[in-house]
Amino acid sequence: MNNFIIDGKEISAQIKEEVKKEAERQKEKGKSASLAVILVGNDPASKVYVKNKKKACEYVGIQSLSYELPEETTEEELLQKIDELNKQEDITGILVQLPLPSHINEDKIICAISPKKDVDGFHPQNVGNLSIGRSGFISCTPAGVIELLKRSNIDIEGRECVVVGRSNIVGKPMAMLLLRENATVTICHSKTKNLKEVTKRADILIAAVGKPKFFTADYIKEGAVVIDVGIHRDEKNQLCGDVDFEQVVEHTSAITPVPGGVGPMTIAMLMKNCLNAIKD
Ligand code: GUN
């Protein structure tokens, strides 16, 4: 199979360049974007993600403000902080890094963020807008997957797309976005029977199960496009995805690697959302 490795690093760099130029144009019009990033607690992975988000903001010319709150922060205190940021006119985007400590109700926090500043696209209003075809903020990782497909000239319309994983952040919005692109969409999850039979129908398979190297060659139709949303460390401490890349790659027409596939797209799309927050 003549396979093609989708270069998420390169495509995300293009998007960041576009955002950077647009941010300059907006500044000339007197408009500037600023992102407030809230991190609660000491989760090491979250710290890395937040650092990378701030770095990307700096690169594209979006101001970032960082609020690093202790693990013991109460739900009330966090709601108070969000309320302040909602009211602050010079803050145009708000992001609360997930997961939150278990004593804080994530859903309550997500709902407290003003939908107009919800650059993660997690607020029910934005989720609802996506599902009925209205404009609004879209969750960055699935939005990034669509960009990867489009910019790699992979047709979506009319194709069998199978999304494995039904999280609010990835699986569900991913299915909605593929539907919006006129794909035939199937969502699978941990209770799906005969998963292999379903995934073997996929022209485009989106792997978002959160299990390292879960998808082996026997899940893949010959010549499929495989998009790997997972990120893990394998037994050798190397980064890997939900797909067993080495085994699967030769059966695909295109595939995303880990690292360097979907990962960098999430932050690029976040930058795009931050800029969209100030555009009319
Ligand atoms: N945790 C894992 N992914 C995300 C994301 O896209 N946004 C936020 N806020 N938290 C996350």
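Nothing in this text is a laboratory measurement; each read-out follows from the coordinates by a stated rule. Please read these numbers as outputs of a predicted model, since none were measured by experiment. Every residue, glycine as well, gets a Cβ built from its backbone with ideal geometry; the counts of neighbours run over all protein chains shown.
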**OP:** Return the tail of the calculated pair distribution for region 200-247, meaning the percent of Cα-Cα pairs more than 14 Å apart.
**Re:** 45
Original post:
With θ set to phi - 60° and the Karplus curve 6.51 cos²θ - 1.76 cosθ + 1.60, what are the ³J(HN,Hα) couplings of region 193-209 in order, to the nearest whole Hz, using x for Gly and Pro?
Top reply: 8, 6, 3, 4, 4, 6, 5, 6, 7, 6, 6, 10, 10, 9, 9, 9, 9
**OP:** May I ask you to work out the translational diffusion coefficient for region 165-236 at 10 °C, viscosity 1.306 mPa s, via Stokes-Einstein with Rh from the Kirkwood sum over Cα pairs, reported in whole µm²/s?
**Re:** 123
Subject >> Spin-label zone in region 136-175 - amide nitrogen under 15 Å from a point set 7 Å from the Cα of residue 86 along the C-beta vector >> reply: none
Original post:
When all C-alpha to C-alpha distances in region 218-280 are sorted into bins of 10 Å, what percent of pairs does each bin hold, rounded to whole numbers?
Top reply: 21, 38, 25, 13, 4
Subject >> Residue of 28, 160, 147 that the Gaussian network model of the chain assigns the largest fluctuation, springs spanning Cα pairs under 10 Å >> reply: 28
**OP:** Mind listing the long-range amide H neighbours of residue 183? Cut-off is under 5 Å, sequence gap 5 or more, other chains count too, H placed in the peptide plane at 1.01 Å from N.
**Re:** 158
Original post:
residue 132: net charge of surrounding residues, Cβ under 15 Å, Lys/Arg +1, Asp/Glu -1, itself excluded?
Top reply: +3
Subject >> Zone of residue 153's modelled label, taken as backbone nitrogen in region 212-252 under 17 Å from a point 7 Å along Cα→Cβ >> reply: 225
Original post:
Given 0.36 nm per residue, what is the gain on full extension from residue 189 to residue 132 after removing their alpha carbon distance, in nm?
Top reply: 18.2 nm
Original post:
Along each of its three principal axes, how wide is the spread of alpha-carbon positions in the chain, in whole angstrom units, largest first?
Top reply: 53, 43, 39
**OP:** First check a/c for region 12-155, with a ≥ b ≥ c the square roots of the eigenvalues of its C-alpha gyration tensor; if it is under 1.5, answer rounded, and if not, answer prolate when a/b is larger than b/c or oblate otherwise.
**Re:** prolate
Original post:
Over all distinct alpha-carbon pairs, what is the Kirkwood Rh of region 20-75 in angstrom?
Top reply: 12.5
Subject >> In region 196-255, the chymotrypsin sites (Phe, Trp or Tyr not before Pro) that fall in loop regions by DSSP, at most 14 other Cβ within 10 Å >> reply: none
**OP:** Could you work out the mean projected area of the convex hull around the alpha carbons of region 148-193, in square nanometres to one decimal?
**Re:** 3.4
Original post:
In region 169-249, which GluC sites (Glu not before Pro) fall in coil by DSSP and have 11 or fewer other Cβ atoms within 10 Å?
Top reply: 222, 235
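222 nm [θ] for the chain, helices only, -39500 (n - 2.57) per DSSP H run of 4+, per residue, to 500? Don't skip to the end; give the middle numbers.
Values: 10 runs with 111 residues, N = 280.
Mean residue ellipticity, 222 nm, calculated: -12000 deg cm²/dmol.
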Subject >> Burial order of peptide ranges 202-210, 68-76, 48-56 (average beta-carbon count within 10 Å, highest first) >> reply: 202-210, 48-56, 68-76
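Can you check what the Kirkwood hydrodynamic radius comes to for region 88-200, Cα pairs only, in Å to one decimal?
It is 15.5 Å.
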